[in-house]
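Only one structure is covered here, and it is reproduced in the block below.
The values are calculated or read from the model by the stated rules, or taken from the named source; none is laboratory data. None of these values were measured; they are calculated from a predicted model. Here Cβ is always computed from backbone atoms with ideal geometry, including for glycine, and neighbour counts include all displayed protein chains.
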């Protein structure tokens, strides 16, 4: 009986040790799972680490990443300051960009950001012209006149120009794409380079979030 207990305890200890060994992912490698920008970009001052996602509403991979990314942002809490940049991608995407920056300017992103994704990827709206976007916003419960005025404002036009400059500064060539502390950049595809065993898109996104965890921790350590 005592021998059996010792064997069971030993098996439990070995099992826990094995679980611990597999639970901690290896440290991401520079030049493989993430890149360091040649020049650090300006970020918001303070102890919190600035994290910026470059995305597009029409992008199916951005749509798939959004729920996991939102949960990750909530878990990070005060560790980070989270921002989004809707990337430019030709004239047909401008209405989607204007939609995002209008919602941001009106303080409505929290309420309508996921609905904008759903409109494109579930309801199959195209959002390829201004009137379609304004009509959708009105039907979604946003004041039409206020939305249209903000949508066509100089402030939103300036945001579009700033997005193009940000995209160039951060060397963004695919999306979703995440910048951390103005220095590190990664993405689900980049994070899974170098022999990742992730097979599904969700698994690849989880790997990317683990890389982001490590980069946020590194940036926070550098701030101390």
ask   = When you look at residue 177, is it under 20 Å from residue 94 (Cβ atoms) and under 23 Å from the mean Cα position of the chain (by Cα), yes or no?
value = yes
Residue 107 vs. criteria at pLDDT below 95 and within 29 Å of residue 149 (Cα to Cα) = no
ask   = Would a scan of region 194-211 turn up a residue that is touching a strand residue (DSSP E or B) at 6+ places or on another chain (Cβ under 7 Å) and crowded, with 20+ Cβ neighbours inside 10 Å?
value = yes
remark   = If we ask which residues in region 62-72 are free of Cβ contacts under 8 Å to residues at least 40 places away in the same chain and either part of a strand (DSSP E or B) or touching a strand residue (DSSP E or B) at 6+ places or on another chain (Cβ under 7 Å) (or both), their number turns out to be 0
ask   = In region 113-128, which residues are surrounded by fewer than 15 Cβ atoms within 10 Å (Cβ to Cβ) and touching a helix residue (DSSP H, G or I) at 6+ places or on another chain (Cβ under 6 Å)?
value = 128
message = Taking the criterion of being under 16 Å from the mean Cα position of the chain (by Cα), modelled with pLDDT of 95 or more, surrounded by fewer than 17 Cβ atoms within 10 Å (Cβ to Cβ) and within 20 Å of residue 190 (Cα to Cα), would at least one residue in region 38-58 satisfy it?
response = no
key: Those residues of region 76-92 which are out of contact with any strand residue (DSSP E or B) (no Cβ under 8 Å at 6 or more places or on another chain), touching a residue at least 24 places away in the same chain (Cβ under 8 Å) and either more than 25 Å from residue 46 (Cβ to Cβ) or in a loop (DSSP other than H, G, I, E, B) (or both), in sequence order   = 88, 89, 92
ask   = Does region 41-61 contain any residue that is assigned to a helix (DSSP H, G or I) and at negative phi?
value = yes
task = Report, by residue number, each residue of region 135-183 that is surrounded by 15 or more Cβ atoms within 10 Å (Cβ to Cβ) and assigned to a loop (DSSP other than H, G, I, E, B).
result = 142, 153, 170, 172, 175, 176, 181, 182, 183
request  = Looking only at region 180-218, count how many residues are under 14 Å from the mean Cα position of the chain (by Cα) and either farther than 20 Å from residue 45 by Cβ or free of Cβ contacts under 8 Å to residues at least 12 places away in the same chain (or both).
outcome  = 18
